[in-house]
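Enquirer: Following this message is one structure expressed as structure tokens.
Every read-out reported here was derived from the displayed coordinates using simple, explicitly stated rules and does not represent laboratory data. Bear in mind that the values here come from a model prediction, so they are computed numbers and not experimental data. Neighbour counts run over all protein chains shown; Cβ positions are idealised from the backbone, glycine included.
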């Protein structure tokens, strides 16, 4: 994991292989961000012109690297675009830090002046972006490691006072959160043949226990005895049996309790309603919600937040076989509700439903689930923005606000009552699919049926944002992104402050 440190604001003196500086679009051309006057002086006051001559335009995610020829303590400068100088936000800086650190790959030491920008939350954002941008997943590489450039090993943030308590705390928090996001990314990126439900449960036990949580794991025998028909049904077609993991973090002075539930389908073939081959290529990511719950609990515990949090991870492998559930089957869910299966590829909601009912039995103040639930989410909101549905408008608003602070894009979505009729069943209590129009919302309507009366609940559909199939951007790598770990942590902080 890349290390993080703080130093004073003198950009000319800092020792590093690469100095990452922000450059925005100003009314008169390129405008150097705060803290870069010593850098410009080393270039004879012509840094903006040098960059412009190289074709640099100051657009977000745009980077260019130039040598300092011994005029600075840093060997080279990476200029990263901030876009419009009047529209720079903490998230702009977070992405710029990530892009700059990615551009510095191959260098051991990086420093940045982005943390000197006069934007609320700049130091936290830059620290997070830099650490997240340095992520690399090489566990399954062998021959291709030869000649591969390693990510930056250490990042130094330039701040007004490196001993300032707020700056120190921001750096410590960023380190904890970045480690949690890296854990979630690692889990999502792990090949499905190396991460079966039992493996995910074992990792959750190890990592969360290490962080200070208590962990319980229900195996297939305990699930059968307890009547968890949704989890068992989804997992019955696989040779690798399902699990339900309960993770608990408690604070002695907490007054609020949150339940987090994450979909943990370690591989989704679609079951008997099998997916096309191309749609299976990234289905190792179908446990991203579970990975986020596990990772967020490690961060919440390490930060010692004054809130009680219980994590629920239902995990199964959805495979076709002679033992698999079929379209037309009826499952008896935990709690007794019966579901007619119309499509075995709508499996995530089945394991979530069992866990949501179980979570509700403990009467938390709120329940939030996260799942790579529907392809309809990508159709509605694209690959980078998650949908937030809820039975409580205030909770939905708070989650969207938390996601904005955390830097994970989410958008409030409705749960139209007229869609409820589409999941009526002719033979059971409810069907697992309904109207194909508004499919993301139908998934939310299904889950809402399993929430205990009076408990505020929200559903995050992160099908697109949890896994990046395109090129890296900002601090986001290709593959697992770690969404929505940071939103979960921010929500826990917000609830602790209520």
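Enquirer: Decide, for segment 157-314, between rounded, prolate and oblate: order the square roots of the alpha carbon gyration tensor eigenvalues as a ≥ b ≥ c, take rounded if a/c falls under 1.5, and otherwise choose prolate if a/b is larger than b/c, else oblate.
Expert: Note, shape of segment 157-314 comes out oblate.
Enquirer: Once you order the gyration tensor axes a ≥ b ≥ c over the Cα atoms, which shape class does the chain get: rounded for a/c under 1.5, otherwise prolate or oblate by comparing a/b with b/c?
Expert: Since a/c reaches 1.5 and a/b is larger than b/c, the shape of the chain is classed as prolate.
Enquirer: Could you work out the Rg to Rh ratio of segment 81-216, with Rh taken as the Kirkwood radius (inverse of the mean 1/r over all Cα pairs)?
Expert: 1.04
Enquirer: Follow-up question, since we're still on this one. Ratio of Rg to Rh for segment 262-405, alpha carbon only, Kirkwood?
Expert: When Rh is taken as the Kirkwood radius, the ratio is 0.98.
Enquirer: How tilted is helix 439-448 with respect to the longest principal axis of the chain? Cα atoms for both, answer in degrees (0 to 90, nearest 10).
Expert: Helix 439-448 and the main axis of the chain meet at about 60 degrees.
Enquirer: By DSSP, what percent of the beta bridges with both residues in segment 291-448 are antiparallel, rounded to the nearest 5?
Expert: Of all bridge pairs located within segment 291-448, approximately 40 percent are antiparallel.
Enquirer: Could you give the radius of gyration (one decimal) and Dmax (whole number) of the Cα atoms in segment 209-272, in Å?
Expert: Cα radius of gyration and Dmax of segment 209-272 are 14.8, 49 Å respectively.
Enquirer: Now for a different question. When ranked by the protection proxy of mean other Cβ atoms within 10 Å per residue, highest first, what sequence do the peptides 60-70, 132-142 form?
Expert: So the peptides 60-70, 132-142, ranked by packing, come out 132-142, 60-70.
Enquirer: Roughly what percent of Cα-Cα pairs across segment 1-101 reach past 17 Å?
Expert: Roughly 48 percent, once rounded to a whole number.
Enquirer: Go through 415-424, 260-269 and give me the packing order, highest mean Cβ count within 10 Å leading.
Expert: Final packing ranking: 260-269, 415-424.
Enquirer: Against the longest principal axis of the chain, how steep is helix 122-133, in degrees 0 to 90 to the nearest 10, with axes from Cα atoms?
Expert: 70 degrees
Enquirer: Another one. Relative to the longest principal axis of the C-alpha atoms of the chain, give the angle of the C-alpha long axis of helix 197-211, reported between 0 and 90° and rounded to the nearest 10°.
Expert: 50 degrees
Enquirer: A follow-up question, please. Given N residues in segment 253-331, what is its alpha carbon radius of gyration divided by 2.2 N^0.38 Å?
Expert: 1.46
Enquirer: Would you please put 233-244, 185-196, 111-122, 154-165 in order of how densely packed they are, using the mean number of other Cβ atoms within 10 angstrom per residue and starting with the highest?
Expert: Ranked by mean Cβ neighbours within 10 Å, highest first: 233-244, 111-122, 185-196, 154-165.
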